[in-house]
C-alpha cells in the first residue's frame with residue numbers, strides 16, 4: 001500500500017490516477033498505522049500538539065490548521081498538504097542519512113540535552129547544513145523533527161531549529 005502512494009503533491013494534484021490512489025490508500029494506511037500504534041509519539045506530537053507551532057502567526061497544531069479550514073477526519077489524510085506529514089510519520093525527517101546519523105550522534109553525546117547544549121548542537125547542525133549543501137530555511141524544520149525524534153525537549157529543539165533557520169547561506 002505504501003508503495004502505491006505518491007508523496008509529491010505536484011504529481012498528486014496533476015495526475016488523476018495518483019490522486020485516486022492516494023485518496024483511497026492514504027486513509028487506509030493511516031488507519032493501519034494508528035491501529036498498530038506504529039507512528040512514534042514524537043512524530044504524532046509534531047502533528048497534533050499546538051505547542052510545536054507556538055510563536056507562529058497562526059496558532060494551533062498542524063492538525064488544527066486543517067480543521068480550521070473545514071477539513072476533518074479522513075479528509076485530512078486525503079489532502080495534498082497532509083503528504084509531508086505522512087512522509088515524516090513513515091520515513092522520518094527529510095534529511096540525508098549521513099546528516100541524521102551524525103546529528104543524532106551529536107545529540108546522544110549530550111543526552112540529556114540541557115539549555116547549555118543548544119548552541120553546540122545547533123552549531124553541529126549548521127556544519128552539517130553547510131557540508132551537505134542544504135538550504136537552511138528548509139532544513140531547520142527537518143532538524144526540529146529530528147530533535148524531537150531524538151528525544152530533545154521541544155523548547156530546546158525549537159532553539160536549535162531557530163539557530164539553523166537564521167543561518168546565512170554560505171556562512
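Taken together, the values in this text are just the output of simple stated rules run on the coordinates, not laboratory data. Computed from a prediction, not measured in an experiment: that's the story for all the values here. Here the Cβ is made from the backbone with ideal geometry for all residues, glycine too, and neighbour counts use every protein chain on show.
Between residue 4 and residue 41, what is the FRET efficiency for a Förster distance of 25 Å, r being their Cβ-Cβ separation, to the nearest 0.05? The computed FRET efficiency comes out at 0.40. Cα axis of helix 136-149 to longest principal axis of the chain: angle in degrees, 0 to 90, nearest 10? Tilt of helix 136-149: around 90 degrees.
Quick one: length gained pulling residue 84 to residue 162 fully straight, 0.36 nm per residue minus the C-alpha distance? Show your work: numbers first, answer last.
On the way: separation 78, 0.36 × 78 = 28.08 nm, distance 2.03 nm.
Value of the extension gain: 26.1 nm.
Convex hull volume per residue, computed on the Cα atoms of the stretch 2-91, equals 99 Å³.
Computed from label points 7 Å out along Cα-Cβ, the spacing between residue 57 and residue 31 is 3.8 nm. The angle separating the long axis of helix 16-35 from the principal Cα axis of greatest extent in the chain is about 70 degrees. A value for percent of Cα pairs over 28 Å apart was derived from the coordinates, and within the list (i) 34; (ii) 49; (iii) 28 it appears as (iii).
Expected output is a single nm value to one decimal: the length gained when fully extending between residue 104 and residue 130, i.e. 0.36 nm times separation in residues minus the C-alpha distance. What is it? Present the calculation step by step, with values, prior to reporting the outcome.
Values: separation 26, 0.36 × 26 = 9.36 nm, distance 1.69 nm.
Stretched fully, the residue 104-residue 130 segment lengthens by 7.7 nm.
Angle check, please: helix 154-165 long axis (alpha carbons) against the longest principal axis of the chain (alpha carbons), in degrees 0 to 90, nearest 10. Long axis of 154-165 versus the principal axis of the chain: about 80 degrees. Taking 7 Å steps out from each Cα toward its Cβ at residue 64 and residue 21 produces label points 3.6 nm apart.
The Rg/Rh ratio of the stretch 97-165, with Rg taken over Cα atoms and Rh as the Kirkwood radius over Cα pairs, comes to 0.91.
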